[in-house]
Amino acid sequence: MRKLKVTLVGAGSVSFALGTLQDLVLSNRLREETELEISLMDISDKNLKATHEYATRMFADFDNPAKIWMTTDLESSLIDADFVIVAIEVNRYFYWAQDFHIPRRYGSKQIYGENGGPGSMFHTLRNLGPMLQIARTMEKVCPNAWFINYTNPEAKLVEAVSNLTSIKIVGLCHGLDIGIEQLAEMLEMKKEDIAVEGGGLNHFGFFTKIWDKNTGKDLYPLFREKEAKANRLAKFDHLALSRTIYHTYGYYPYPGANHCGEYISWADDFYAGLSLQFRYNPLNPNEKIGDKNSRIPEFVYCAHAGSVDRELHEGDNDLETWIAEQFEYKKENVNGTSEYGVPIIEAIFFDDEIVINAANLPNKGAIKGLPDDMVVETQAIVNGKGMELVPMTVELPTALIGTIHIQGTIHKLLFEAYHEGSKTKLLQAILLDPQAPTYYQACAMIDEMCELQKDILPKLEWNQPI
């Protein structure tokens, strides 16, 4: 049997590490046809130990002989790795709350701030250094390995690694599959029966084709008919913005209002759940956005009924309790995920050929009208040679190409801000964004955010252009 080494960087991640480990343990092919080694790496010793305990119990329970070990040393974890799966965030919700609230305090109309808007730029700068460190260590000790990334902002970070290092990298996201679920609901069909062509920018993609897998019939006419008759207020926070984008540009977007709205200036007209993203009371002395000892606001991923409805006396969710519960191993909860990481590993390692719904890779002509070196998202073919995007057969409208193109320019400015240590380049990026505040507000916002996040942001200074 061939040896296969998979390294998980950010192994203390609840969102992706535990799910990836479930997918690995449930892969019969990896168990039967490889000598599997799994290296768990994280800078948090506490989280790392929790993941290691979870993994060793689970693999033993499933009689899986994979070798599992842990380390806080990045280089040793990467030596001779074949695949490196990365999901990293430091003090995730604490900094995300700042990314959301501080720009809005200075006049930005951003509705989320994770992947787009001014908040996403600080998110990018926090993660850019660690991502490049991982890639450059890979160049040293496992130069042929694939870097499989789940860390956001996906497009910005994958573009940086693909353009600034020699490492093969792909960014993965299940946003397109969330969009298919919305199509299925509107069409009153099973999602398994729907085929699509879709793409654009991560968290700002569009279905250019929808058809019935069984008959090949174009489903857009039926979608138009049903959408026109659908209640305009149904699931307003989850669907209203997406439906309005569809009315405006002619193609239904994905993954949903919370993310698509990050890239346009008028999203808050159709997102009543705006204030729910990181709800806190600034008058409460225990709820201060800039204080690490304060209560971290409860996080609402997207404002659909299942996430925002609360019983009056049930109390707030406790984040620490929820995280601890995720690390409690129970065999009956091991169901695997629908993520593409492990299927990609199998396809490349065994030279099978599969098509995945969404991959973030350099464009190289897959989406007409966008730069070749810009990282975009659409379907991809995976086999022993690696991955390549499937060219979209339908061109996106000029307005959408223009909106995405702006983000590509912002990517480049952020890379320049990082390398030059320049607040001025960051200002240029922010002022270009559709959700930018005024000039004076942007300058003050940059200074406050750089002070609040000085322990984790690269050092940036104001500089005058020559």
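The values are calculated or read from the model by the stated rules, or taken from the named source; none is laboratory data. Just so we're clear, the structure is a prediction, and the values are computed from it rather than from any experiment. Neighbour counts run over all protein chains shown; Cβ positions are idealised from the backbone, glycine included. Areas reflect the complete protein model, heavy atoms only, side chains present, ligands, DNA and RNA absent. Shrake-Rupley method; radii C 1.70, N 1.55, O 1.52, S 1.80 Å.
Rounded, prolate or oblate: which one fits the stretch 173-241, using the alpha carbon gyration tensor with axes a ≥ b ≥ c (rounded when a/c is under 1.5, else prolate when a/b beats b/c, else oblate)? Walk me through the numbers before you get to the answer.
Working: a/c = 1.75, a/b = 1.07, b/c = 1.63.
The shape class here is oblate.
Using a Cα-Cα cut-off of under 23 Å, which lysines could be cross-linked to K226, ignoring same-chain neighbours fewer than 8 residues away?
Partners found: K190, K191, K209, K213, K217, K235.
Give me the percent of DSSP beta bridges within the chain that run antiparallel, rounded to the nearest 5.
Values: 28 of 54 bridges.
Of all bridge pairs located within the chain, approximately 50 percent are antiparallel.
Given the protein chains as shown and a 1.4 Å probe, how many square angstrom of T72 are accessible, to the nearest 10?
My reading of the accessible area for T72 is about 70 Å².
Would you tally the net charge around M138, using a Cβ to Cβ cut-off of less than 12 Å, leaving M138 out, and scoring K and R as +1, D and E as -1?
Net charge around M138: -1.
At 0.36 nm per residue, and after removing the present C-alpha to C-alpha distance, how many nm does the segment from K226 to R295 gain when stretched out fully? Don't skip to the answer; put the middle values down first.
Values: separation 69, 0.36 × 69 = 24.84 nm, distance 4.42 nm.
Additional length available on full extension: 20.4 nm.
If you roll a 1.4 angstrom probe over the protein chains with everything in place, what fraction of the accessible area of the chain belongs to carbon and sulfur, to the nearest %?
Details: 10110 of 20240 Å².
Summing carbon and sulfur atoms, their accessible area is 50 percent of the total for the chain.
I'd like to know which of T34, L74, N47 lies farthest towards the positive end of the charge dipole of the stretch 30-77, counting +1 on Cβ of Lys and Arg and -1 on Cβ of Asp and Glu.
Ranked along the dipole, the leading option is N47.
Taking Cα pairs under 8 Å and at least six residues apart, what relative contact order does the stretch 1-144 come out at, in percent? Mind dumping the intermediate values first?
Numbers: 210 pairs, mean separation 37.0, N = 144.
Over the stretch 1-144, the number comes to 26 percent.
What size of dipole, in debye to the nearest 20, comes out for the chain about its Cα centre when the only charges are +1 on Lys and Arg C-beta atoms and -1 on Asp and Glu C-beta atoms? If you can, show how the numbers build up before the last one.
On the way: 44 positive and 65 negative charges, 160 e Å.
For this selection, approximately 760 debye.
Hey, if we sort I245, I43 by accessible area with the 1.4 Å probe, largest down, what's the order?
Values: I245 0, I43 130 Å².
Final ranking, largest accessible area leading: I43, I245.
Going through the stretch 323-371, which GluC sites (Glu not before Pro) have at most 13 other Cβ atoms within 10 Å and a DSSP loop state?
Values: sites: E325, E328, E332, E339, E346, E353; in loops: E328, E339, E353.
Answer by residue number: E328, E353.
Grab the DSSP H runs of the chain that are 4 residues or longer, score each as -39,500 (n - 2.57), total them, divide by all residues and round the 222 nm result to the nearest 500 deg cm²/dmol.
-12500 deg cm²/dmol
Measuring from a point 7 Å past the Cα of D373 along Cα-to-C-beta, which residues in the stretch 152-166 have an amide N at less than 16 Å?
Residues passing the 16 Å test: 156-166.
Which of rounded, prolate, oblate describes the chain, given a ≥ b ≥ c as roots of the alpha-carbon gyration tensor eigenvalues and a/c under 1.5 marking rounded, otherwise prolate only if a/b is larger than b/c? Kindly include the intermediate steps, with their values, before the conclusion.
Numbers: a/c = 1.29, a/b = 1.10, b/c = 1.17.
Since a/c stays below 1.5, the shape of the chain is classed as rounded.
Name the lysines eligible as straight-distance cross-link partners of K3: C-alpha to C-alpha under 24 Å, and not fewer than 8 places from it in the same chain.
Those lysines meeting the cut-off are K67, K140, K168, K385.
In the stretch 373-443, which trypsin sites (Lys or Arg not before Pro) are in a loop and have at most 11 other Cβ atoms within 10 Å, using DSSP for the loop call?
Values: sites: K385, K412, K423, K425; in loops: K385.
Loop-located and lightly packed - K385.
Take every Cα pair under 8 Å in the stretch 4-44 that's 6+ residues apart, average their separations, divide by the length, and report that relative contact order as a whole percent.
Working: 40 pairs, mean separation 27.2, N = 41.
Answer for the stretch 4-44 is 66 percent.
So with the 1.4 Å probe, I'd like the accessible area per residue for the chain, rounded to whole Å².
On a per-residue basis, 43 Å².
Give me the distance in nm between label points sitting 7 Å out from Cα along the Cα-to-Cβ direction at E461 and D268, one decimal.
Going from the E461 label point to the D268 one covers 3.5 nm.
Select from the stretch 359-419 those GluC sites (Glu not before Pro) which occupy a DSSP coil region and have at most 13 other Cβ atoms within 10 Å, ordered by residue number.
On the way: sites: E377, E388, E395, E416; in loops: E395.
Answer in residue order: E395.
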